[in-house]
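Peer 1: Quick one: this structure, given as structure tokens, is what I'll be asking you about.
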Amino acid sequence: MLLVVIRETNHRRGSRHNSLPLAFFFFFLGAKVVEELTDVPVSVELASDFNDRKCPLFRSDTCVFVSQSGETKDTLESLSYARGVDAVTVGVVNVVGSEISRQTSCGIHLNAGSEIGVASTKAYTSQIVALVMFALQLSHDRNSKDARRQEILAALHEMPCQIESSIKRIDEVTRRLAKSLEQSTSILLSGRG
């Protein structure tokens, strides 16, 4: 995934996110916070589309690449393109020592633990929190956004208790479902992905 924050000398600002499917949804959520706190417009698109079109990037751009593994091919191609124009690059990855973490100018390590499945909830949640904190940092010098920043910080402090409460509710529902199915001789599961 790629976030491009453009800060040109004429004070025009813009932002573009490129992503892979799971991270794509993360950036839809996170982009709103970045826009709200920084007044930087954000658009979201797939990294493969970005690579196909070779969107314009400039030295004054900052590109943030988000990847659970840090080895995502489309994201690495976008990173190579950004480095080719000398843009500042930031990696947000879960795997220390991954290709993205080694090739970017600086980065944020999620420390979400090892990935059990492709759609890792803990990595997804960590990515959202990282982008929110990134937006908070980008807006730290804007007094007009201070009240909203305080609201967001308070919500982040409440998050662990809310997650624990949700897990308890889900555990109760799962146990009731398992109890209702324990005498079943077969189960048909339909899913996607």
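Peer 1: Can residue 144 be described as out of contact with any Cys (no Cβ under 8 Å at 6 or more places or on another chain) and either among the polar types (S, T, N, Q) or over 20 Å from residue 37 (Cβ atoms) (or both)?
Peer 2: It is true that residue 144 is out of contact with any Cys (no Cβ under 8 Å at 6 or more places or on another chain) and either among the polar types (S, T, N, Q) or over 20 Å from residue 37 (Cβ atoms) (or both).
Peer 1: Restricting region 47-95 to residues that are buried (at least 23 other Cβ atoms within 10 Å of the Cβ) and part of a loop (DSSP other than H, G, I, E, B), which is modelled with the lowest pLDDT?
Peer 2: 68
Peer 1: Follow-up. Here are 113, 117: which of them is open to solvent by less than 50 Å² (accessible area, probe 1.4 Å), at positive phi and at pLDDT below 90?
Peer 2: From the options 113, 117, the qualifying one is 113.
Peer 1: Any residue in region 156-172 that's free of Cβ contacts under 8 Å to residues at least 60 places away in the same chain: show its pairings with residues that are surrounded by 10 or more Cβ atoms within 10 Å (Cβ to Cβ) and assigned to a helix (DSSP H, G or I) at Cβ separation under 9 Å, as long as the two are six or more apart or on different chains.
Peer 2: 156/129; 156/132; 156/133; 156/136; 159/125; 159/129; 162/155; 163/125
Peer 1: Residues that are more than 20 Å from residue 136 (Cβ to Cβ) and surrounded by fewer than 19 Cβ atoms within 10 Å (Cβ to Cβ): does region 28-36 have at least one?
Peer 2: no
Peer 1: On to the next question. Give me the pairs, please: first residue somewhere in region 88-117 and farther than 18 Å from residue 128 by Cα and of a type in the set (D, E, K, R), second residue anywhere and in a loop (DSSP other than H, G, I, E, B) and modelled with pLDDT of 90 or more, beta-carbon distance under 6 Å, and either six or more positions apart or on two chains.
Peer 2: none
The values are calculated or read from the model by the stated rules, or taken from the named source; none is laboratory data. Since the structure is predicted, the reported quantities are computational estimates derived from the model, not experimental observations. We place every Cβ from the backbone using ideal geometry, glycine too, and count neighbours over all the protein chains shown. We work out accessible area using only protein heavy atoms, side chains counted, and drop any ligands, DNA or RNA first. Shrake-Rupley method; radii C 1.70, N 1.55, O 1.52, S 1.80 Å.
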